[in-house]
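Following: one structure in structure tokens, then a few remarks.
The values are calculated or read from the model by the stated rules, or taken from the named source; none is laboratory data. These numbers come from a predicted model, not from an experiment. FYI the Cβ positions are ideal-geometry reconstructions off the backbone, even for glycines, and counts take in every protein chain you see. Note: accessible area is taken over every heavy atom of the protein model, side chains too, but ligands, DNA and RNA are not part of it. Shrake-Rupley method; radii C 1.70, N 1.55, O 1.52, S 1.80 Å.
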Amino acid sequence: MNAPLILPFEGKTPKIHESAFIAPGSVIIGDVEIGPQASIWYNCVLRADINFIRVGARSNIQDGSVIHVETDYGDGGHPAIIGEDVLIGHMALVHGCVLEDRAFVGMGAIVMDGCTIEGDAMLAAGAMLTPGKRMPSGQLWSGRPAKYMRDLSEADIHGMQRGVKGYVHEAALHSAALKAAAATS
């Protein structure tokens, strides 16, 4: 089984909370901090070689996603800051931006440098949020480039919160399955 690759870079070693789930095949490099009960799923890459990445408690980064940063050209650049209870769908690209607590990034979506997605906001699957955009709380944006589509309903926001709880539960199941597989090999 491919263990995750946890790689120090330029004197910075990833810090991963003991309760976080890091799936096999994931690559985590450099100045990365991953909080309690967060989950980094199969074949994700978090590369903090030229700036830092922070992943808050219970946030999940789903299979095949890439998290990277923008370098500091004397202006501080753009780290990738992912708050608590954030959902990032499969194959998303999150680059040098801020995802506030309870933000949602759909499958295959792209979030570019200097963007902010506020809490309880949703970037739809396949959407591309172009540099410097700010998505207000409670809104759904979609398209390439992404634009405001509608306000989210209470049911939409509740569904996102259920998704976070579901991924915490799934991470525990996958962790147990991996430990059981390792014990029998």
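Quick notes on this structure:
- Within region 52-78, being at pLDDT below 95, farther than 16 Å from Thr116 by Cα and either in a strand (DSSP E or B) or touching a Gly at 6+ places or on another chain (Cβ under 6 Å) (or both) holds for one residue alone: Thr71.
- Considering region 57-78, and only residues there that are buried (at least 20 other Cβ atoms within 10 Å of the Cβ) and small (Gly, Ala, Ser), the residue that is farthest from Pro131 (Cα to Cα) turns out to be Ser59.
- Some residue of region 79-86 being buried (at least 20 other Cβ atoms within 10 Å of the Cβ), part of a strand (DSSP E or B) and touching a helix residue (DSSP H, G or I) at 6+ places or on another chain (Cβ under 6 Å): no
- Residue list for region 2-25, restricted to those being surrounded by fewer than 14 Cβ atoms within 10 Å (Cβ to Cβ) and at positive phi: Glu10, Gly11
- Contact map, region 146-168: residues that are surrounded by 13 or more Cβ atoms within 10 Å (Cβ to Cβ) paired with residues that are of a type in the set (D, E, K, R), Cβ distance under 6 Å, separation 6+ or inter-chain. Pairs shown: Ile157/Asp120; Val164/Arg58; Val164/Asp85; Val168/Arg58.
- Given (1) farther than 20 Å from Met160 by Cβ; (2) open to solvent by 10 Å² or more (accessible area, probe 1.4 Å), number of the condition Ile28 does not satisfy: (2)
- Hey, Ala3 out of contact with any Asp or Glu (no Cβ under 7 Å at 6 or more places or on another chain), in contact (Cβ under 8 Å) with a residue 40 or more places away in the chain and aliphatic (A, V, I, L, M) or not: no
- For region 126-135, the condition holds for at least one residue, the condition being that it is in contact with a Gly (Cβ under 9 Å, 6 or more places away or on another chain), closer than 24 Å to Val55 by Cα, open to solvent by less than 50 Å² (accessible area, probe 1.4 Å) and of a type outside the set (A, V, I, L, M, F, W, C).
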